[in-house]
Amino acid sequence: MRYFLFLIICLAVGCKAMPEPSTAERVGEIMDYMASDALQGREAGTEGIAVAADYIETLFKENKIAPYFKSYRDTLSNFEGVAYNVVGYLEGKDKNLKDEFIIIGAHYDHIGITNSPTTDSIANGANDNASGTTTVLELARYFGKTRTNKRSIIFALFSAEEKGLLGSAHLAEKLKAENLNLYTMLNFEMVGVPLREKDYLMYVTGYEKSNLAEVSNSYSNEKLIGFLPTAKDFNLFQRSDNYPFHEKFNVPSQTYCTFDFTNFEHYHKVGDENALMDFEHMASLVNKLVPVFVGIVNAPNREIKYN
């Protein structure tokens, strides 16, 4: 219902097009491609991940997301071989706010071919992290269709996260060198299956470091984000692509996630397959996140702050 209220608002303010909400079918289509055997586990520097990059570029183009650099592909300077982030850009519409940037990101690589004791050796990485990639692409579709974002948005799909956050480290350093006015970096990691027995739908890493959960819950009008003690115990704040932006920019940089070490048993295994993903859950999360991101992108002030 909340999503459709935003569509009514969209009509009132003159959006470029009416975006359809995310559906399990739409999410499944992206997931089926990104986590297919044809991509051979999307290891950084391989032909399989290059095919994934082609697909991401196609979706950016379909949704009128421009390349941030001269092309969508941003070649990593810290990787031995050839690997690249895929980086899209949507300029803000407000003359006073468009110089402030929000990065919405996820890594699209995984670990490739493994020495599995089973006949299946391809680690498809459906949850890790085709799910996060799909979430970013669906948010890009929403903003690409509505085009009412006051702040500018960078949609970043990172390579070589599995090699040590290399893609995000490269981009953070590159954007810092050009003095990008970064407001916040919001990352997605492993959102393909729902949490169990929780009174919230997602958690954010570094929960106690900022008011991101409070801001997100205010815009969603429900307890969308909660505190997961395990995330702090395992120091997840430093283990995903938000962290290089935290280090370089010292602005709120955090990861949304629904993996809590108890609800998914196939982390970095060949069993991380689409058959185990909950596409209805993923579509619902995207639709619940739309008002959150609309609010953050268009708020007159920088609401998200480190404590």
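Looking at (1) among the small types (Gly, Ala, Ser); (2) closer than 20 Å to Asn179 by Cβ; (3) in contact with a Phe, Trp or Tyr (Cβ under 7 Å, 6 or more places away or on another chain), which is the only condition Ser77 fails?
The number of the failed condition is (3).
Could you run through region 201-224 and say how many residues are more than 27 Å from Asp272 (Cα to Cα), assigned to a helix (DSSP H, G or I) and either in contact with a Lys or Arg (Cβ under 8 Å, 6 or more places away or on another chain) or open to solvent by 10 Å² or more (accessible area, probe 1.4 Å) (or both)? Give the derivation first.
The initial filter retains those residues of region 201-224 that are more than 27 Å from Asp272 (Cα to Cα), namely 208-223.
So of that shortlist, the ones also assigned to a helix (DSSP H, G or I) come out as 208-209, 212-220.
Restricting the remaining residues to those that are either in contact with a Lys or Arg (Cβ under 8 Å, 6 or more places away or on another chain) or open to solvent by 10 Å² or more (accessible area, probe 1.4 Å) (or both) gives 208-209, 214-215, 217-220.
Total meeting the criteria: 8.
For region 229-251, give me each residue that is part of a loop (DSSP other than H, G, I, E, B), open to solvent by less than 10 Å² (accessible area, probe 1.4 Å) and not hydroxyl-bearing (Ser, Thr, Tyr).
Asp241, Asn242
Does Phe143 satisfy the criteria of being out of contact with any Ser or Thr (no Cβ under 6 Å at 6 or more places or on another chain), over 18 Å from Met277 (Cβ atoms), in contact (Cβ under 8 Å) with a residue 24 or more places away in the chain and open to solvent by less than 10 Å² (accessible area, probe 1.4 Å)? Spell out how you get there, then give the answer.
On the way: out of contact with any Ser or Thr (no Cβ under 6 Å at 6 or more places or on another chain): yes; over 18 Å from Met277 (Cβ atoms): yes; in contact (Cβ under 8 Å) with a residue 24 or more places away in the chain: yes; open to solvent by less than 10 Å² (accessible area, probe 1.4 Å): yes.
Yes: the conditions hold for Phe143.
Output yes when any residue across region 230-237 is of a type outside the set (Lys, Arg), under 15 Å from Gly132 (Cβ atoms) and within 20 Å of the chain's Cα centre (by Cα), and no when none is.
Yes, region 230-237 contains at least one residue that is of a type outside the set (Lys, Arg), under 15 Å from Gly132 (Cβ atoms) and within 20 Å of the chain's Cα centre (by Cα).
Tell me the residue from Lys163, Lys198 that is more than 19 Å from the chain's Cα centre (by Cα) and either open to solvent by 30 Å² or more (accessible area, probe 1.4 Å) or under 15 Å from Ala106 (Cβ atoms) (or both), please.
The match here is Lys198.
Can you name the condition, by its number, that Phe264 falls short on among (1) open to solvent by 10 Å² or more (accessible area, probe 1.4 Å); (2) not in a loop (DSSP other than H, G, I, E, B)?
(2)
Is there a residue in region 30-38 that is hydrophobic (A, V, I, L, M, F, W, C), open to solvent by 50 Å² or more (accessible area, probe 1.4 Å), under 16 Å from Asn124 (Cβ atoms) and at pLDDT 95 or above?
Within region 30-38, one or more residues are hydrophobic (A, V, I, L, M, F, W, C), open to solvent by 50 Å² or more (accessible area, probe 1.4 Å), under 16 Å from Asn124 (Cβ atoms) and at pLDDT 95 or above.
Restricted to region 251-305, and to residues that are touching a strand residue (DSSP E or B) at 6+ places or on another chain (Cβ under 8 Å) and among the β-branched types (Val, Ile, Thr), which residue is nearest to Ser152 (Cα to Cα)?
Val297
Pairs please, first residue from region 270-290 and in contact (Cβ under 8 Å) with a residue 24 or more places away in the chain and buried (at least 22 other Cβ atoms within 10 Å of the Cβ), second anywhere and of a type in the set (A, V, I, L, M) and assigned to a loop (DSSP other than H, G, I, E, B), Cβ atoms under 7 Å, 6+ apart in sequence or on different chains.
Listed pairs, sorted by first residue: Met277/Val193; Met282/Val191; Leu285/Val191; Leu285/Leu201.
Which residue pairs have Cβ atoms under 8 Å apart, sit 6 or more places apart or on different chains, and have a first residue in region 209-225 that is touching a residue at least 12 places away in the same chain (Cβ under 8 Å) and a second that is surrounded by fewer than 19 Cβ atoms within 10 Å (Cβ to Cβ) and of a type in the set (Lys, Arg)?
Taking only residues 6 or more apart or on different chains, the pairs are Ser210/Lys305; Asn211/Lys305; Ser220/Arg2; Asn221/Arg2.
Please state which of the following conditions Met282 fails to meet, knowing it meets all the rest: (1) closer than 22 Å to Tyr183 by Cβ; (2) outside any loop (DSSP other than H, G, I, E, B); (3) among the aliphatic types (A, V, I, L, M).
It fails just one condition, (1).
Counting only residues that are outside any loop (DSSP other than H, G, I, E, B) and open to solvent by less than 60 Å² (accessible area, probe 1.4 Å), how many does region 166-195 have?
Total meeting the criteria: 16.
Could you please give the count of residues in region 85-116 that are open to solvent by 10 Å² or more (accessible area, probe 1.4 Å) and under 16 Å from the mean Cα position of the chain (by Cα)? Steps first, please.
Our first condition is that a residue be open to solvent by 10 Å² or more (accessible area, probe 1.4 Å); within region 85-116, this holds for 89, 91, 93-101, 111, 113-116.
If we keep only those that are under 16 Å from the mean Cα position of the chain (by Cα) too, we end up with 89, 101.
Qualifying residue count for the region: 2.
From the list Thr135, Thr119, which one is free of Cβ contacts under 8 Å to residues at least 12 places away in the same chain and either open to solvent by 10 Å² or more (accessible area, probe 1.4 Å) or not in a strand (DSSP E or B) (or both)?
That would be Thr119, the only listed residue that is free of Cβ contacts under 8 Å to residues at least 12 places away in the same chain and either open to solvent by 10 Å² or more (accessible area, probe 1.4 Å) or not in a strand (DSSP E or B) (or both).
The values are calculated or read from the model by the stated rules, or taken from the named source; none is laboratory data. All of these numbers come straight from a predicted model, not from anything done at the bench. Here the Cβ is made from the backbone with ideal geometry for all residues, glycine too, and neighbour counts use every protein chain on show. Side chains included, ligands, DNA and RNA excluded: accessible areas come from the protein's heavy atoms. Shrake-Rupley method; radii C 1.70, N 1.55, O 1.52, S 1.80 Å.
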